[in-house]
Structures are given as C-alpha cells and as structure tokens.
2 protein chains.
Amino acid sequence: MTDLFPDKGHDHGRCIDSALHQAEIVAEANNARFTNMRRRVFTLIWQSHKAITAYELLDALQAEGVRAQPPTVYRALEFLVGLRLIHRIESLNAYFGCDMPDCEHLGQYFICRNCGRVAEAVNEDMSRAVRTAAGIVGFKIEATTIEIKGLCHDCAAH
Amino acid sequence: MTDLFPDKGHDHGRCIDSALHQAEIVAEANNARFTNMRRRVFTLIWQSHKAITAYELLDALQAEGVRAQPPTVYRALEFLVGLRLIHRIESLNAYFGCDMPDCEHLGQYFICRNCGRVAEAVNEDMSRAVRTAAGIVGFKIEATTIEIKGLCHDCAAH
DNA sequence: GACGAAATGATATAATATAACACTTCAATA
DNA sequence: TATTGAAGTGTTATATTATATCATTTCGTC
Ligand SMILES: [Zn+2]
Ligand SMILES: [Zn+2]
Ligand SMILES: [Zn+2]
Ligand SMILES: [Zn+2]
C-alpha cells in the first residue's frame with residue numbers, strides 16, 4: 001500500500017516551495033504573469049493539502065490585511081485553474097493545489113471527509129476506462145471530473 | 001456504436017410514464033411517501049433528458065400556478081436524490097432523472113454541452129478501475145462522482 | 001514619456017442553498 | 001372516532017457561491 005496522502009510529519013514548507021517554483025516555471029512557459037495577487041492566493045491554497053473555498057481565501061487575504069473583494073479572488077482562481085496550477089473540486093466548490101502541473105493528467109481526486117485532505121491520482125486504467133466507455137457510445141470527451149469521497153488511509157485506521 | 005442517448009424521435013411520454021411507475025415502486029419499497037409535491041418535481045425533471053436546476057424547477061412550478069419557495073424544491077430534490085430517483089450533476093448544480101433506480105450503480109454521467117442531455121452509464125471497467133485505484137492507496141470509498149462533459153454522438157456529427 | 005493591454009479595485013447584484021419556525025396532513029392507535 | 005405525534009409543507013429570512021460592470025492602476029512596448 002502506497003499512501004497517496006503526504007505523511008503527517010512531512011516538511012510542508014518544501015511542498016509550498018516546490019509548488020511555487022513549479023508555478024513560476026509554468027507561468028513563464030505560458031507567457032503568463034504570476035502577479036503578486038495570484039501568488040498570494042496560490043500560496044494560501046498551498047497552506048495545506050485540503051481544499052479551500054473562494055470565500056475562505058477571501059477571509060484569509062483580509063486577515064493578512066489585503067483589501068480584497070470576491071472578484072479578486074475569483075479572478076486569481078480562474079487564472080490558476082486555467083494554467084492547471086490548482087484544481088476545483090466541484091462537489092465542494094473548493095480548490096486545492098496541483099502537485100504535478102507540468103504533466104498532462106486526467107484529474108482523479110480522492111477527498112477525505114474526515115481530515116479534508118485532497119490527493120490527486122494519475123491512473124491510466126481509469127483514464128482508459130473512461131475513454132473506452134466514451135468511445136463505445138460515440139461520445140466526444142472534452143472534460144472529465146472524477147471525485148472520490150471517503151476516508152484516507154490514516155483516517156480509516158482511526 | 002450504441003448510443004447512450006435516446007433517439008431524437010423516441011416516445012418521451014413512455015420515458016415519463018415508466019419513470020413514474022418505477023418511482024412509485026421504489027418509494028413503496030422504501031416506505032417513503034411519494035407525495036404530490038414530490039411527484040410534481042419528479043415529473044418536471046423528467047420533462048426532458050437534460051439536467052435542470054433547482055431554480056428552473058421553481059420557475060416551472062410557479063408557471064404551473066403552484067406557490068412554491070426554494071425550500072420546497074430543495075426538499076423534494078433531497079428526497080428524490082436520497083432514493084436515487086434522480087441524480088445531481090455537481091459541475092452543473094443540476095438534476096436529472098435516473099432511468100434505473102432499482103439497480104445499484106456507480107454514477108457515471110455523460111453530459112452533452114451542446115444539447116444539454118445527460119446519460120448515465122454503468123460501466124464495470126470504470127467502476128473496477130476506481131475501486132482498484134482506491135485499494136492501492138488504502139482509500140475507503142464512500143461516494144464517487146464521475147462527470148464526463150463533451151459532445152454526444154448526435155451533436156458531434158453536426 | 002505615451003500608449004494600449006492586462007490586471008486589479010470597487011460596487012452591485014445574480015445564482016445557489018439553508019435555517020428556523022409555523023402550520024398542515026396523515027397514519028397509527030387509544 | 002378522536003387523539004396524537006411524526007412527516008411534510010408554507011413562509012420568511014438569510015447564508016453561501018459567483019459574476020457583471022465600470023473605474024483605476026500596473027506594466028511592458030514603443
Ligand atoms: Zn505538504
Ligand atoms: Zn483523512
Ligand atoms: Zn425520453
Ligand atoms: Zn448533444
């Protein structure tokens with residue numbers, strides 16, 4: 001069993017640093033401006049491995065003393081989702097940081113209802129099954145949402 | 001190629017009748033009351049194979065002369081979702097009628113962005129891939145959302 | 001430094017969803 | 001059949017999520 005979710009005692013500072021570093025690269029590659037506001041929102045999202053809502057981000061910004069309004073947050077989110085630096089969990093109306101923004105991947109998200117963490121899987125069997133099922137019924141796929149809710153290994157153990 | 005989506009010229013009255021009939025049976029089996037309001041909402045949802053939002057339902061009810069408020073609609077929706085007579089599309093905040101409420105199935109929805117129709121697939125490969133992926137990472141699944149957006153066969157042809 | 005495009009600020013409002021309490025309906029049963 | 005208690009619905013208010021619009025600022029290019 002390999003746990004998708006990061007170890008309890010892991011050095012999360014490294015997660016954040018790495019995510020910021022990768023984000024810079026992706027933005028650069030896309031000729032997109034990784035502005036201050038966008039970086040702030042991105043960093044807030046990466047404060048944990050949980051999904052966070054737009055208004056939680058707004059509160060966090062305001063707590064930092066930034067005078068932000070909803071559109072500011074939603075714009076940053078739109079930008080970050082566009083570059084696939086973050087993903088949106090439709091069933092939670094919330095966002096979390098992608099830890100492999102460079103690799104093209106079909107999003108498959110495991111969401112723990114207990115600890116709130118979200119982990120992303122890249123599973124070729126699942127991707128293939130979706131493509132095959134679509135092929136059989138002549139459906140032209142444009143986007144796929146796969147959200148799996150339950151208990152992560154840690155939380156299931158307790 | 002077998003099209004998941006109903007034929008353009010199909011007799012939709014039969015879809016509605018059949019859905020109502022099955023709903024009666026499911027409600028009965030669950031000792032649940034398929035009240036007038038619930039039947040009305042259910043019937044409205046089944047007016048088409050598209051997904052419909054809570055407020056569209058509310059408007060439709062009001063157009064029928066029913067003095068309904070949001071809670072009324074949301075309660076009916078909660079009831080119907082609970083019995084799996086309808087499903088919610090998270091990425092659309094909308095609902096559509098299940099055409100096999102009797103069989104236990106993992107929801108896998110194909111959503112056409114052009115015609116708006118939703119069709120449900122029951123694909124064992126997909127289900128198995130999800131279960132396997134979860135098993136590998138020690139995740140205990142409680143609910144799964146699979147929403148595939150794109151163009152249905154008919155719409156892709158034009 | 002002037003210019004135009006992109007980003008952000010600011011205000012208002014739309015769209016989606018639920019809380020709380022009053023009233024009604026309905027089936028069980030005393 | 002009258003009582004009663006749970007389930008369902010009505011009603012009002014409000015919470016949560018998201019976007020439209022226009023003004024202002026920032027920033028790279030010329
Ligand atoms: Zn971490
Ligand atoms: Zn957990
Ligand atoms: Zn039909
Ligand atoms: Zn279509």
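Numerical summary
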| item | result |
| --- | --- |
| Percent of Cα pairs exceeding the 34 Å cut-off, where the set is the protein assembly as shown | 32 |
| Computed lengthening from B:A63 to B:D11, 0.36 nm per intervening residue step minus Cα-Cα distance | 16.3 nm |
| GluC sites (Glu not before Pro), loop per DSSP, at most 11 other Cβ atoms within 10 Å - longest free stretch of chain A | A:1-63 |
| Most positive-pole-ward Cα, B:F79, B:C112, B:H153, against dipole of chain B from beta carbon charges | B:F79 |
| Estimated D of segment A:108-156 in µm² per second, where Rh is the Kirkwood radius over Cα pairs and Stokes-Einstein applies at 25 °C, 0.890 mPa s | 201 |
| Averaged over B:116-129, number of beta-carbon atoms from partner chains that fall within 10 Å | 3 |
| Neighbourhood charge, 11 Å Cβ-Cβ cut-off, centred on B:C103 and excluding it, Lys, Arg +1 and Asp, Glu -1 | -3 |
| Average projected area [Cα convex hull, segment A:8-97], square nanometres | 5.9 |
| Rounded to 10°, Cα long-axis angle of helix B:70-82 versus longest principal axis of chain B | 40 |
| Rg(Cα) / (2.2 N^0.38 Å) computed for segment A:73-158, rounded to two decimals | 1.21 |
| Cα principal axis extents for chain A, largest first, Å | 52, 42, 26 |
| Residue-averaged beta-carbon neighbours from other chains (10 angstrom radius) around B:104-115 | 2 |
| Computed over chain B: relative contact order in percent, which uses C-alpha pairs under 8 Å that are six or more apart | 22 |
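Read the figures in this text as sums done on the coordinates, not as results from a lab. As the structure is a prediction and not an experimental result, all values here were calculated from the model. So basically every Cβ, Gly included, is an ideal-geometry build from the backbone, and we count neighbours across all protein chains shown.
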